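A.B. asks: Structure below; questions to follow.
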Amino acid sequence: MIFIIAFLVVVMLAGAIAACLFRDLLNAVIASCLVSLIASILFYFLQAPDVAMAEASIGAALVTAIFIIAIRRTERRE
Amino acid sequence: MRNLIGIVLILIVASGVFLCLDNIPFGASRENVGDFYNSSGVKQTGAVNMVTSVVLNYRGFDTLGEVTILFIASLGLGAVLSTVKTSSREETTPSSLILSTGCRFLFPFILLFGTYTFLHGHLTPGGGFQGGAIIASGFLLRYLGCPAKRTNPSLFVALESTGGLVFTLIGLLGLTLSGFFLFNFLPKGEANTLFSAGIIPVIYIAIGFKVGAELAGIIDGLIVKS
Amino acid sequence: MNFLNSYIFYIGAFGLIFIGIYILLTRKNLIKMIIGLSIIDTGVNLLLICMGFLKKGTAPIFSRPGIKPENMVDPTPQALVLTAIVIGVAVLAMALSLAIRLYQHYGTLDMRKIKEQKW
Amino acid sequence: MVNPVLLLAVPLAAAFSIPLLGFLSKRSGKFIPLLAMAFNLAVSISLIPAVIQKPIVVSLGGFPPPFCITLFVGPVGILFTAIIALVGFVVSIYAMDYIREGARQQYHALFLLLLTGATGVVLTGDIFNLFVFFEILCISSYALVAYTGDRAGIESSCKYLIQGSLGSAFILIAIALLYGQFGTLNMADIASRIDSASPIRLFIPLVLFITGLGVEAAVFPLNAWLPDAHSSAPSTISAILSGIAVKIGIYAICRVIFTIFGATDISLFLMLLGLLTLLVGELSAFRQSDIKRMLAYSSTGQIGLIFFAMGVGTQAGITGGLFQFTTHALSKSLLFLATGYMIYRAGSKEISSLEGMGKKMPLTCLAFTIGAFSLIGLPPFIGFPSKFTIVYSVLAEKSTLYIVFIAIVLTGTVIEGAYFFRVIQAIYFKGEKEKGEGREAPLIALIPLVILTLLIIGIGIYPKILSGILNSSASELLDRIGYIKEVLR
């Protein structure tokens, strides 16, 4: 169990670093979506199903959609 | 030089945080207000989901502030993007038959699922915010799948104002009936049934419509106005 | 093992917070900075939830009979995080609408090039 | 007696109803902030006598205090609520005519919500609730700064938003660490448990609180956003941001330091921070040629002065700080409101383009002059007794260090006088030859100027009218044990 969690945390941090490094904003947004998604799984492991649901529906889905709409209206390269 | 100062600052902050966290062992049981909520929450509020009873009853005023913040975001978006000239909309290629039919087919089910989520907020995980977000994602699907179909934005505005107003008025009703703002004045009912927990489902319905309308309105504003 | 058990969530939370602050300080693209803000938000939320966790605890819902209130995790931080997530999405929507307007005015999102106002 | 929760619930309900009423009549929006603020003003003034006797503690939801959100309506809270309502009232009279373009309905709703957020911060007794209301205040000011939609407004709003959100994240981390250690969110409950914790573990939460709240309060290293945001917003919003919003940050810092942490031993740090902010603000204001930017930097200087007075940490010092608070709220909003129509008529923000305005708009310029004199601290305006109280309280400490400090403060005042007199000279004594077209500001914009001017002169002549509430406010901030007892009876 603890190793699964450790693996998830490592992937999450890697996603955050990737969001920092990608020059293409669309890729960075997808990476930050990955961070939110794994955070929502971690919330579930921390016995917080309400928060997991909110993070998955708001943090991972809607925020990513808003970001992508904004990127379409502006520019894609950093 | 700047790097050095930065590193020193980060080291100080990190050591301070470490000292703090040392006092907060992960997963250990501590004495806190949550124990009171867990032990007497069902009796006092009638909801079996303790998070809901904290969100809407013990700390209901926070939630009022929270829906106000979403309201501010949608108003601010309208104010910031309002001065944009509505140029002729870019030509969108009509989506294929399968896509638009699929969207039209899925849309009511997503709405239904969102409604279920906020109606059962006091019994199962979920609630007004999650349900509202699900409803908004249904609208998002419709904007992407069949761009020709647009909902009238003033419907969103009317819904979000009414939701906020209903929340405040329920609070004021509690004040007049019993002397406490946001008092749970309706009968609590039997725990673990749909019609229980007093004002909690009523407020969650208002919040669900409000949040759904607000997030859909934000998406609408970003897609159409800019 | 013991170290992992007691610190892995804290490492995740503060890792996200520090990476977010690093993005805010070093990247000059406005949308990149906003991504940094959302990463910080996620980290802070994770930290808050950790504050209420109880080992071998159950979710704070009396979904089936036989759940003892003493074994449930603390619901208060979860309520706070629900609020914080919604506040985060409000700030993000505001920031992105500003970014769109900024792009219409200047044709770029690079904050280094947008320096009309002097100190 | 009126329940103080109405001070928050009624403006919130009014703000929610603005878009609904907008469907009936497009013009109705501008009257609602006016009515809501008039209500708040009446209620808060009527509560003052009762509150001075005994603070009112309201628990929301009907549960005993540590388990629910409480409102603590003490002298500080009611004083600030009255000031917020007063300034909000006069500014919304002014805005009825001044705001003509853009999304007016959104403007009025956001304006009302900004004031409600400020009221919530000063009344609440719960640390997370304070954060929520603080966010209401911040997010509506981001939106209002960008409201005009021009380049400068959008750019400064972006800067403000990035810095402000980072500050909010810091506050939330600090709240998380406090909750983890003490298991409660009620400020009085935290305060009662905090004495048993070792100071080293409280250091990081305190630093995070001061940094996070300091972004909104614009203390020296964190004030980069202030001149841009205050100068590019519409004048009504500049008046509110300078007169109210910034001070809410100072209030929150004082509440956290004095009541929650009880950390009176960092007062020297506060004084140094205040002096630094004062000098940086006044010196930068001296260099400006843009009048709104000059006023914005002058706000930074005044914030420094208030911080300095709070840092003295004695009864007299905090009284002086709160008095300076009132002075600055009234005078700076008067200055910004007067400047609004001067800029509108002159068509430019440069000080040089305002030459000869004294002939064209005599009443507005007179109001500007009175506001400036009051901020400098000349008798018989309100600035004189407040600055005098601060100087007197510092000299009463009888320490050499403090005398050096007071010399620096007076130097700041001299610089302040220099740049205000430069503007006044430009208004009255220059550009007499050109006979430009000039009209006085419309009548509805003169009413707020007259109200504020009368208050400034009235309190300046008879400062005793405020001394009761100011003194009991200062004792409330210093009396930590009393606060805890009052809430957790």
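A.B. asks: If contacts are Cα pairs under 8 angstrom and at least 6 residues apart, what is the relative contact order of segment A:2-73 in percent?
C.D. replies: 28 percent
A.B. asks: Return A:ASP24, B:ASP22 ranked ascending by Cβ neighbour count within 10 Å, so the fewest neighbours appear first.
C.D. replies: Details: A:ASP24 12, B:ASP22 9.
Least crowded to most crowded, the residues run B:ASP22, A:ASP24.
A.B. asks: Nearest 10 degrees, 0 to 90: what angle lies between the long axis of helix C:2-26 and the longest principal axis of chain C (Cα atoms)?
C.D. replies: Rounded to the nearest ten degrees, it is 10.
A.B. asks: Using a cut-off of 15 Å between beta-carbons, work out the net charge of the residues near D:ALA169 (Lys and Arg +1, Asp and Glu -1, D:ALA169 not included). Don't skip to the end; give the middle numbers.
C.D. replies: Working: positive: none; negative: C:ASP41, D:GLU135, D:GLU216.
With Lys, Arg at +1 and Asp, Glu at -1, the net is -3.
A.B. asks: Still on this model: Mind checking which of D:TYR428, D:PRO448, D:ILE465 is farthest towards the positive end of segment D:365-465's charge dipole, using Cβ charges of +1 (Lys, Arg) and -1 (Asp, Glu) about the Cα centre?
C.D. replies: Result: D:ILE465.
A.B. asks: Can you give the percent of C-alpha pairs in segment A:2-73 whose distance is more than 17 Å?
C.D. replies: On the way: 1174 of 2556 pairs.
Counting every Cα pair in segment A:2-73, those more than 17 Å apart make up 46 percent.
A.B. asks: If you scale each eigenvalue of the Cα gyration tensor by 5 and take the root, what three semi-axes come out for segment D:309-382, rounded to whole angstrom and sorted largest first? Could you put the intermediate results ahead of the total?
C.D. replies: Details: eigenvalues 196, 27, 15 Å².
Gyration-tensor ellipsoid for segment D:309-382: 31, 12, 9 Å.
A.B. asks: Can I ask one more? Counting every Cα pair in segment B:60-181, what percent are over 20 Å apart? Write down the numbers at each step before the final one.
C.D. replies: Values: 4387 of 7381 pairs.
Looking at segment B:60-181, the distances longer than 20 Å represent 59 percent of pairs.
A.B. asks: Can I ask one more? Percent of Cα-Cα pairs more than 57 Å apart in the protein assembly as shown, please.
C.D. replies: Numbers: 26188 of 415416 pairs.
It works out to 6 percent of all Cα pairs.
A.B. asks: Could you let me know the centre-to-centre spacing of segment D:243-298 and segment D:136-209, using Cα atoms, in angstrom?
C.D. replies: Distance between centres, Cα-based: 17 Å.
A.B. asks: Below 8 Å between Cα atoms, with a sequence gap of 6+, how large is the relative contact order for chain B in percent? All intermediate terms of the calculation are to be shown ahead of the outcome.
C.D. replies: Details: 267 pairs, mean separation 61.0, N = 226.
Relative contact order of chain B: 27 percent.
A.B. asks: So what's the angle, to the nearest 10 degrees on a 0 to 90 scale, between helix D:383-395 and the longest Cα principal axis of chain D?
C.D. replies: 40 degrees
A.B. asks: I'm a student and want to see the number: the projected area of the Cα convex hull of segment B:146-226, averaged over all directions, in nm². Provide the component values of the computation, followed by the final result.
C.D. replies: Working: hull surface 28.2 nm².
Projected over every direction and averaged, the Cα hull of segment B:146-226 covers 7.1 nm².
A.B. asks: A follow-up question, please. Normalising by the residue count of chain C, find the relative contact order in percent from Cα pairs under 8 Å and 6+ residues apart. Don't jump to the answer; show the numbers that get you there.
C.D. replies: Values: 109 pairs, mean separation 30.7, N = 119.
For chain C, the relative contact order is 26 percent.
A.B. asks: Among C:ARG64, D:ARG151, B:ARG104, D:ARG255, which comes first, second and so on when ranked by fewest other beta-carbon atoms within 10 Å? Let's see the in-between values first.
C.D. replies: Working: C:ARG64 9, D:ARG151 17, B:ARG104 13, D:ARG255 25.
The order, fewest Cβ neighbours first, is C:ARG64, B:ARG104, D:ARG151, D:ARG255.
A.B. asks: While we're on this one: Within the set of other residues whose C-beta is less than 11 Å from the C-beta of B:ILE69, count the net charge using Lys and Arg as +1 and Asp and Glu as -1. Intermediate results must be reported in sequence, preceding the final value.
C.D. replies: On the way: positive: none; negative: B:ASP62, B:GLU66, B:GLU214, D:GLU135.
Surrounding charge for B:ILE69 is -4.
A.B. asks: About the Cα centre of chain B, how large is the charge dipole given +1 on each Lys and Arg Cβ and -1 on each Asp and Glu Cβ? Please answer in debye to the nearest 20.
C.D. replies: Values: 13 positive and 11 negative charges, 102 e Å.
The calculation lands at about 480 debye.
A.B. asks: Taking amide H atoms as placed 1.01 Å from N in the peptide plane, list the residues 5 or more away in sequence, or in a different chain, whose amide H sits under 5 Å from that of C:MET72.
C.D. replies: Under 5 Å from the amide H of C:MET72: C:THR58.
A.B. asks: How big is chain B on each of its three principal axes, counting only the C-alpha atoms and giving the largest first in Å?
C.D. replies: Each principal axis gives a Cα extent; for chain B these are 66, 61, 36 Å.
A.B. asks: Based on alpha-carbon centroids, what's the gap between segment B:108-128 and segment D:1-34 in Å, whole number please?
C.D. replies: 30 Å
A.B. asks: Within the set D:LYS159/D:LYS387; D:LYS26/D:LYS292; D:LYS247/D:LYS387; C:LYS115/D:LYS349, which residue pairs have Cα atoms separated by over 29 Å? Write down the numbers at each step before the final one.
C.D. replies: On the way: D:LYS159/D:LYS387 33 Å; D:LYS26/D:LYS292 31 Å; D:LYS247/D:LYS387 17 Å; C:LYS115/D:LYS349 19 Å.
Too far apart for the 29 Å limit: D:LYS159/D:LYS387; D:LYS26/D:LYS292.
A.B. asks: Still on this structure, please answer the following. Which value in Å does the Kirkwood hydrodynamic radius of segment B:4-72 take, with 1/r averaged over all unlike C-alpha pairs and then inverted? Write out the running numbers ahead of the final one.
C.D. replies: Numbers: mean 1/r = 0.0647 Å⁻¹.
The answer is 15.5 Å.
A.B. asks: Going from the alpha-carbon gyration tensor of segment D:156-202, what semi-axes, largest first and in whole Å, does one get by taking the root of 5 times each eigenvalue?
C.D. replies: Values: eigenvalues 167, 22, 13 Å².
Equivalent ellipsoid of segment D:156-202: 29, 11, 8 Å, largest first.
A.B. asks: Tally Lys/Arg at +1 and Asp/Glu at -1 over every other residue whose Cβ is under 14 Å from the Cβ of D:PHE286; what's the total? Provide the component values of the computation, followed by the final result.
C.D. replies: Working: positive: D:ARG287, D:ARG293, D:ARG422; negative: D:GLU282, D:ASP290, D:GLU416.
For residues surrounding D:PHE286, the net value is 0.
A.B. asks: Calculate how steeply helix A:2-21 sits against the longest principal axis of the alpha-carbon atoms of chain A, using the helix alpha-carbon long axis, and give the answer as 0 to 90 degrees to the nearest 10.
C.D. replies: It is inclined by approximately 10 degrees.
A.B. asks: Provide the convex hull volume over Cα atoms per residue for segment D:236-342, in Å³.
C.D. replies: On the way: hull volume 8.1 nm³, N = 107.
Output value, Cα hull per residue: 76 Å³.
A.B. asks: Could you give the C-alpha radius of gyration of segment D:6-487 expressed as a fraction of 2.2 N^0.38 Å, taking N as the number of residues it contains? Don't skip to the answer; put the middle values down first.
C.D. replies: Values: Rg = 21.4 Å, N = 482, 2.2 N^0.38 = 23.0 Å.
The reported ratio for this selection is 0.93.
A.B. asks: So what does log10 I(q)/I(0) come out to for chain C at q = 0.12, 0.20 Å⁻¹, using the Debye formula with one equal point on every Cα and no solvent?
C.D. replies: So the normalised log intensities are -0.61, -1.10.
Read the figures in this text as sums done on the coordinates, not as results from a lab. The shown structure was predicted, so the numbers you read here are calculated from the model rather than taken from an experiment. Note: ideal-geometry Cβ built from the backbone for every residue, glycine included; neighbour counts use all protein chains shown.
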